[in-house]
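The values are calculated or read from the model by the stated rules, or taken from the named source; none is laboratory data. Remember, predicted model here, so these are calculated numbers, not experimental data. Here Cβ is always computed from backbone atoms with ideal geometry, including for glycine, and neighbour counts include all displayed protein chains. Just the protein is used for accessible areas: all its heavy atoms, side chains included, with ligands, DNA and RNA removed. Shrake-Rupley method; radii C 1.70, N 1.55, O 1.52, S 1.80 Å.
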Amino acid sequence: MRVSRNTLRAAALALALGLAPSGCASWKLNLPSLRAGSSDEEELVLVESPPAQLPVPEHVHAGNDGYRVVALQWEPVLRSEVAGYAVERASAPDAPFERVAVLRGRGTSSYVDDGGAQPLADGSTAYYRLRPFRSDGHLAAEASPIVVGGTAPLPSPPPAIRAFSRQPREIPLAWRPAHDEWASGYVVERSPSEDGPYQVIARIPGRLSTSYVDREVGNLRVLYYRIATVTPAGTSGPPSDPVRAVSKPEPLPPFGLRLAESSLGRNVIVWDPNVEADIKEYRLLRIRQGTRSKLIETVPAETTRAVDTDLSAGEGATYVVVAGDRDGLESRQSIPIKIESQDYDLQAATTPSGVSLRWHARPDEFPQARIARSSWLGARDLGLTEDGSFVDADVQPGRSYSYVVVLIRPDGSEAPPSDPLEVHVPETSDFR
């Protein structure tokens, strides 16, 4: 809707005199909205010719740090003949200018250019000028001085990036928030080589999210990390310089494994202490051929000695030790040692008196021995002895017998029994 100047004058005079059309209690003049940018106002057609003789805005300024926008400000031309401003943009100072906005109202003093249907790119540069126009749409003959503005470049990497080493199977990362307030998050990249290639391992939303833990990286892994800031559109800025970190290694295998003591059914194994300061424990394992390793004893870090009492007489055993630290990391197995456990050295001979048995007595540790025999008639104990010999006189020529010797400690507990020894009594006339 357009209102003529005569109508406006008549309305103003009527209001000033307190007049209203006859038959109406009140009278109101309907005027078009002059709100800049209103979709309800009638489209204004701007014309170049004849040009209007209007002063141009001064102190025009274009920003260069907005995210995909350029903010313009100027000193408005507060003259009655000025109805608004046309904002024109070019890609270069000598390139053609195109109109990007028509702003109603001479008091308008700012505009934000977001590119409209073609959004402005990150780090782009544009040239701007303003031309006032009259209420009849005629543009000023002159435009304001050209100013250069631009959008913010892609965001810089966040500052103070740190990667923490010697953590068990993980590497924590930390940094400070990106300087750009509009940053929307970060991208974390990782590579086993400082020169790359790098792989994206995480996308962290939020400018104030400033940490990440790379988990399950394994023991003693050397890794390099880069972090880039992300725009609200999801575009990543340039990555940071690489930072290096090393995950914690597992403890060294225990060294110097050796046999310290050995007795019937008992082996004492010792080793040198590990050099790591956070060792929690050692585990002694025994390996039998054809079977899985068996845990014999777990001892604290200050102990480098373990005892195996679960042995048969004369049994061969292979031992290894594994170290564990307070973070749950385990060493590889130590160099194994093979040990032949002590035996009874049981021997038998047939004599005119019967079957004579002899063995290694060990009286200081085992003051007594129990002798058992089995045959086709069954098994029975033959008795006790305090030396390393026994004669079984109750045997028959031509028969076979199986003997077992068991040494007894002072407290009455028994050592592992000997292996059965088979003896055949010959059928000879001079046996008895």
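Per-residue answers, yes or no, for (1) out of contact with any strand residue (DSSP E or B) (no Cβ under 6 Å at 6 or more places or on another chain); (2) over 30 Å from E43 (Cβ atoms):
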{"site": "G115", "(1), (2)": "yes, no"}
{"site": "G137", "(1), (2)": "no, no"}
{"site": "E142", "(1), (2)": "yes, no"}
{"site": "L154", "(1), (2)": "yes, yes"}
{"site": "P168", "(1), (2)": "yes, yes"}
{"site": "Y198", "(1), (2)": "no, yes"}
{"site": "N219", "(1), (2)": "yes, yes"}
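Within the stretch 227-263, the set of residues being open to solvent by 40 Å² or more (accessible area, probe 1.4 Å), of a type in the set (D, E, K, R) and in a loop (DSSP other than H, G, I, E, B) comprises D241, E250. Could we say that D65 is under 20 Å from G150 (Cα atoms), free of Cβ contacts under 8 Å to residues at least 12 places away in the same chain and surrounded by fewer than 18 Cβ atoms within 10 Å (Cβ to Cβ) here? So D65 does not fit the description; no. For beta carbons closer than 8 Å, sequence separation of 6+ or different chains, a first residue in the stretch 318-333 that is under 10 Å from E281 (Cα atoms) and a second that is open to solvent by 50 Å² or more (accessible area, probe 1.4 Å) and among the aliphatic types (A, V, I, L, M), the qualifying pairs are A323/L252.
For the stretch 372-389, a residue qualifies if it is open to solvent by less than 50 Å² (accessible area, probe 1.4 Å) and either touching a helix residue (DSSP H, G or I) at 6+ places or on another chain (Cβ under 7 Å) or not polar (S, T, N, Q) (or both), and the qualifying residues are A372, R373, G378, L382, G383, G388. Taking the criterion of being touching a Ser or Thr at 6+ places or on another chain (Cβ under 7 Å) and either among the aromatic types (F, W, Y) or in a loop (DSSP other than H, G, I, E, B) (or both), the residues of the stretch 76-103 that qualify are P76, A83, Y85.
Checked against the criteria, Y224 does not count as out of contact with any Leu (no Cβ under 7 Å at 6 or more places or on another chain), aromatic (F, W, Y) and open to solvent by less than 10 Å² (accessible area, probe 1.4 Å). Note on the stretch 328-371: residues that are touching a Lys or Arg at 6+ places or on another chain (Cβ under 8 Å), open to solvent by less than 70 Å² (accessible area, probe 1.4 Å), over 17 Å from L407 (Cα atoms) and assigned to a loop (DSSP other than H, G, I, E, B) total 1.
Within the stretch 251-264, if we keep just the residues that are modelled with pLDDT of 95 or more and not hydrophobic (A, V, I, L, M, F, W, C), the residue that is nearest to the chain's Cα centre (by Cα) turns out to be P251.
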